[in-house]
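This report concerns only the one structure given below.
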Amino acid sequence: MSEIEKSYEDFISTVSHELRTPLTSIRGFSQTMLASWDKLDDESKKKFLKIIEEQSNRLINLVENMLSVTRLSSGKDNLLLKEIEIRPAVEMAVSIVKSQYSDKKFDIAINPKTPSILADKDKFQQIITNLIENAAKYGEENSVIKVETGFCEDCEFVAIRVVNTGIGIKEEDYERIFTKFSRIDNPLTRKVQGSGLGLYITRNLVEKMGGKISVKSEKQTDKESFLTTFEVQLPASNVEKQARAKCIP
Ligand SMILES: Nc1ncnc2c1ncn2[C@@H]1O[C@H](COP(=O)(O)OP(=O)(O)O)[C@@H](O)[C@H]1O
Ligand SMILES: [Mg+2]
């Protein structure tokens with residue numbers, strides 16, 4: 001088999017696996033509800049429907065990521081820039097990721113005074129979901145994932161940081177993780193599924209909206225694990241004009 005055929009097969013098998021997990025859950029909960037409708041109380045029905053909704057959102061995010069890759073390489077990706085609040089997108093991302101990584105805790109530390117940003121709503125959702133999913137996926141067991149914002153008055157950009165503790169990322173890999181299909185070879189990455197596309201897509205989307213993304217991973221004092229921070233900077237909506245000018249390719 002040629003290299004291209006091999007990587008194509010690997011890709012298909014990863015994607016199928018990632019799609020199967022939420023689909024299995026959606027089917028399972030729908031079947032349970034249909035078979036036991038009269039026996040289930042309202043509370044349980046609501047709980048099951050919530051899971052179905054979360055897993056559907058997860059599927060949408062996965063499919064969005066797949067579509068983004070082809071759109072990015074064909075250059076056909078239209079952005080609809082609007083004034084967007086950060087918190088609802090973060091809450092939605094946490095609800096999508098939480099059900100899959102139930103050992104993790106999420107700390108949404110967003111200052112209520114955080115300015116809104118100028119971004120494409122769906123793309124911003126995709127960016128935040130990718131980062132929070134990675135933090136949960138590569139974070140150490142039972143740890144806390146923190147989402148915080150940084151800004152100043154009259155600042156051109158708002159920073160959104162997703163922080164986790166875990167295996168960390170070596171400085172020499174900082175650049176590579178943002179490239180297509182790249183995954184760092186370590187025992188953890190081998191254990192969890194992934195296509196290596198998430199950060200590639202995330203960086204492309206951030207840059208298309210006139211923003212920047214960076215990573216920093218530092219060993220924690222007195223501990224074996226690392227503190228990893230992904231920071232996204234996006235234009236604040238009050239500087240709409242300059243930001244728009246920057247977004248025009
Ligand atoms: N928070 C994190 N902590 C440690 N490693 C990470 C983290 N986020 C991403 N990585 C590394 O970067 C690689 C690329 O991430 P990504 O593009 O999202 O692909 P995927 O999650 O599908 O493997 C991952 O495979 C992992 O090795
Ligand atoms: Mg990922």
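The values are calculated or read from the model by the stated rules, or taken from the named source; none is laboratory data. Since the model is a prediction, treat every value here as computed from it, not as a measurement. Don't worry about glycine lacking a Cβ; one is built from the backbone with ideal geometry, like all the others, and counts go over all protein chains shown.
Data overview
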{"item": "Criterion: acidic (D, E), more than 12 Å from ligand 2 (Cβ to nearest atom) and within 23 Å of S95 (Cα to Cα) - qualifying residue of D185, D122, D154, D173", "result": "D122"}
{"item": "Filter pass, K170 being surrounded by fewer than 16 Cβ atoms within 10 Å (Cβ to Cβ), modelled with pLDDT of 95 or more and under 20 Å from P235 (Cβ atoms)", "result": "no"}
{"item": "Per-region count, the range 183-196, residues within 6 Å of ligand 1 (Cβ to nearest atom) and in a loop (DSSP other than H, G, I, E, B)", "result": "5"}
{"item": "Candidate set from the range 76-112 (those that are within 20 Å of I201 (Cβ to Cβ) and assigned to a helix (DSSP H, G or I)); member that is farthest from the chain's Cα centre (by Cα)", "result": "I86"}
{"item": "Sole exception among (1) surrounded by fewer than 18 Cβ atoms within 10 Å (Cβ to Cβ); (2) away from ligand 1 (no atom under 12 Å from the Cβ) for S143, by number", "result": "(2)"}
{"item": "Residue satisfying all of: in the range 197-228; of a type in the set (K, R) and assigned to a helix (DSSP H, G or I); farthest from V162 (Cα to Cα) among these", "result": "K208"}
{"item": "Residues within the range 125-151 that are within 14 Å of ligand 2 (Cβ to nearest atom) and not in a helix (DSSP H, G or I), tallied", "result": "2"}
{"item": "Matching residues, the range 1-38, being in contact with a Gly (Cβ under 9 Å, 6 or more places away or on another chain) and among the β-branched types (V, I, T)", "result": "T14"}
{"item": "Candidates I117, I108, I86, filtered to the one that is among the aliphatic types (A, V, I, L, M), in the same structural domain as K137 (by TED's automatic domain parsing), modelled with pLDDT of 95 or more and within 19 Å of G139 (Cβ to Cβ)", "result": "I108"}
